[in-house]
Amino acid sequence: MPQYHSKREYVVQALVPPCGQEATRVVSQAGGGDELADLRAAVLDDEWLREHPAVLTQREGIAWKGDKMYVPDRLRRTVLLRCHDAKQAGHFGFLKTLHLVRWQFWWPRLKSDVEKYVKECHVCASAKPRTGKPMGLLQKVADPSRPWEEIAMDFVVELRENRHYNVIWTVVDLFSKQAHFIPCKGLPSAHRLVRLFVQHVYRLHGIPRRIISDQGVQFTAQFWRDFIRLVGSSQGLSSAYHPSTNGAAERANAMVE
């Protein structure tokens, strides 16, 4: 499907060169084109430039601050789009996007404009994980006082098959962060899970006081729940809307993947 660009976007393509190519070279090579004429018109119409004529140097209708090209107000957002959203930019964070823009361009309040643009980028907000503290009242998930008192578990699935093993059962001690990675031939049933638990966890560490997992069918099966109750342990299930409850096992899975 063909992509259509506004006239303003073509102007910015002249403004923002491919990585490694300076804006000054692009301008010098663009002489006489419609893009350069539109850029010069934007410079003439720019209100800030009219109010601060002595701040910048103008050469051939283009405004400069040292070796940085001045971007007129009406073109700034499109410059930010090309420096942040384009394939060669790759939706970098604030500091990398700021460096890319400052490398070639200048305008007043550039830093705050870049910061605002990156913060409001819908692609970044939906695709990048949040690494800051979650909002709301902090609740302690686990508070073990000794090794293997509280554990978390999860499965790593859809791995490349090796000797018929394609699943890894991850069991993490929440006190020491020691982990066991137990290979499985497919997702085990609740009965098989009990046997693996006795072989790889109970035999080495005894019965934990609490076992945290997601709501997979193995962990919610009645056989598994009865086993946990009979050995005197308790079960904690993470919800679909708060998977960080099982964060220790999730992080161990990420290392395997």
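Nothing in this text is a laboratory measurement; each read-out follows from the coordinates by a stated rule. The model shown is predicted, which means the values in this text are computed figures rather than measured ones. Backbone-built Cβ (ideal geometry, glycine too); neighbour counts: all protein chains shown.
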Test: residue 105 is under 30 Å from residue 126 (Cα atoms), touching a residue at least 40 places away in the same chain (Cβ under 8 Å) and surrounded by 16 or more Cβ atoms within 10 Å (Cβ to Cβ):
yes
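State all residues of the range 76-106 that are in a strand (DSSP E or B) and out of contact with any Phe, Trp or Tyr (no Cβ under 8 Å at 6 or more places or on another chain); if no residue qualifies, say none.
Correct list: empty.
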Which of the residues spanning the range 203-219 are closer than 16 Å to residue 169 by Cα and in a strand (DSSP E or B)?
211, 212, 213
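Residue by residue, here is whether (1) small (Gly, Ala, Ser); (2) in a strand (DSSP E or B) holds:
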position	(1), (2)
39	no, no
42	yes, no
55	no, no
58	no, yes
74	no, no
108	no, no
Using the structure shown, decide if residue 94 is closer than 14 Å to residue 116 by Cβ and either in contact (Cβ under 8 Å) with a residue 60 or more places away in the chain or surrounded by fewer than 18 Cβ atoms within 10 Å (Cβ to Cβ) (or both).
yes
